[in-house]
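The values are calculated or read from the model by the stated rules, or taken from the named source; none is laboratory data. These numbers were taken from a predicted model, which means no experiment stands behind them. Cβ placement follows ideal geometry from the backbone for every residue including glycine, while neighbour counts extend to all protein chains displayed. Only protein heavy atoms, including side chains, enter the accessible area calculation; ligands, DNA and RNA are left aside. Shrake-Rupley method; radii C 1.70, N 1.55, O 1.52, S 1.80 Å.
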Amino acid sequence: MPEIRQNEKISHRIEGPFFIIQLINPDNLNALEGEDYIYLGELLELADKNPDVYFTILQSSGRFFSSGADFKGIAKAQEDNGAKYASETSKWLSNFVARNVYVTDVFIKHSKVLVCCLNGPAIGLSAALVALCDIVYSMNDKVYLLYPFANLGLVTEGGTAISLPLKFGANTTYERLMFNKPFNYDIMTKSAFISKNFNMPSSNTEAFNAELLKELKGKVEGLYLPSCLGMKKLLKSNHIGSFNEINSMEVNESLKYWVDGEPLRRFSQLGSKQRKHRL
Ligand SMILES: CC/C=C/CC(=O)SCCNC(=O)CCNC(=O)[C@H](O)C(C)(C)COP(=O)(O)OP(=O)(O)OC[C@H]1O[C@@H](n2cnc3c(N)ncnc32)[C@H](O)[C@@H]1OP(=O)(O)O
């Protein structure tokens, strides 16, 4: 495997045709900073380039899959002033646009089958990446996806302006996004977003990950795996153009919100617990 730097919040390994990526920072509910999302993207690129890999598996740890963008990281970006950037636009192009567009693009164009082991809730950009996966399994019925853009002064990102209507239907998407409500387990099962619920207790994510991987190993036995990649390519071709277009539109639309400063005010309230998401 080609070398890649280490990241203390994300591990990876290869087992047979599976490239397994695991979020390993349960203490802050697997929140990710900008650099972590870039690292995740780089791992996906490694999996993409490896001819022995057919499935990229996303696992997590603890009680949340991921609570999204780390508000401490966003505060750091705000302090990132000095002579480094000529303007607020320049700062947020670097701290937001470039990162978001990159990680979303890597997920959109990924050629291996993307499997998400959803052990718990996912929020924000992380939830957007879950919605870009090809197959999702849940640990139990406590899982949900929350896209709190309306509560944070943001707009859709990570391709959600297209992935959510495609996967959950347009009206459900409008209602959940406009009023900042989670896509809960019932919605996810009604729309067949979740392929199987493993019905395991929330305290046992490692057992869920192990059981799911064992099941996947059984499922791929005897298959001609290049067929899986060929089918993924064809299935993806239905919407790839729209995903690429929306990725660019979303970040460009968001930029003015960052420059205006409303997301920062709201992320800071979230960090100091003056603001909460209604769940
Ligand atoms: C690049 C810009 C892109 C933005 C898109 C996004 O991703 S927007 C989404 C941003 N994320 C959020 O809005 C979620 C924020 N977190 C919460 O609302 C709550 O923590 C929760 C997820 C609803 C869980 O609440 P609960 O009461 O169950 O747990 P705690 O709040 O006590 O959290 C436990 C510890 O984890 C820390 N933490 C949680 N989320 C984040 C986060 N996003 N960033 C940083 N840290 C996070 C939390 O602070 C607690 O740590 P302590 O040290 O114990 O205080």
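See the values below:
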| item | result |
| --- | --- |
| For the chain: relative contact order, % (alpha-carbon pairs under 8 angstrom, 6 or more apart) | 20 |
| Solvent-accessible area of Asp186 with every protein chain in place, 1.4 Å probe, in Å² to the nearest 10 | 90 |
| Amide hydrogen neighbours beyond the local backbone of Ile24, cut-off 5 Å, H modeled | Ile10, Ser11 |
| About the Cα centre, charge dipole magnitude for region 130-261 (Lys/Arg +1, Asp/Glu -1 at Cβ), debye | 340 |
| Loop-located GluC sites (Glu not before Pro) in region 136-234, at most 14 other Cβ atoms within 10 Å (DSSP) | Glu221 |
| Area accessible to solvent at His277, 1.4 Å probe radius, in Å² | 40 |
| Candidate residues Ile240, Ile10, Ile162: accessible-area rank, largest first, probe 1.4 Å | Ile240, Ile162, Ile10 |
| For region 134-270: span of alpha carbons on each principal axis (Å, largest first) | 55, 38, 26 |
| Orphan Cys of the chain, criterion: no other Cys C-beta under 4.7 Å | Cys117, Cys228 |
| Highest-fluctuation residue, Cys117, Cys133, Cys228 considered, GNM on the chain with Cα pairs under 10 Å | Cys228 |
| Interchain or long-range residues, amide H under 5 Å from Asn140's placed H | Phe198, Asn199, Met200 |
| For the chain, built as a Gaussian network whose Cα springs stay under 10 Å, the top-fluctuating residue of Lys72, Lys196, Lys84 | Lys84 |
| Overall Cα dimensions of the chain - principal axes, largest extent first, Å | 57, 39, 37 |
| Total charge dipole magnitude, the chain, about the Cα centre, Cβ charges on Lys, Arg, Asp, Glu only, Debye to nearest 20 | 560 |
| Max mean-square fluctuation residue, GNM over the chain, Cα-Cα springs under 10 Å, options Gly261, Gly120, Gly41 | Gly261 |
| Principal axis dimensions, region 1-65 - Cα atoms, whole angstrom, descending | 35, 21, 13 |
| In Å², nearest 10: area of Arg13 left accessible to a 1.4 Å probe | 90 |
| For Asn30, net neighbour charge (Lys/Arg +1, Asp/Glu -1) across residues whose Cβ lies under 11 Å away | -1 |
| Farthest positive-ward along the chain dipole, Cα basis, beta-carbon charges - from Gly222, Leu264, Ile57 | Leu264 |
| For region 38-83: rounded, prolate or oblate by the Cα gyration tensor [a/c cutoff 1.5] | oblate |
| 21 Å Cα-Cα threshold exceeded, pairs from Lys167/Lys233; Lys9/Lys276; Lys49/Lys76; Lys190/Lys217; Lys142/Lys276; Lys49/Lys91 | Lys9/Lys276; Lys49/Lys76; Lys190/Lys217; Lys49/Lys91 |
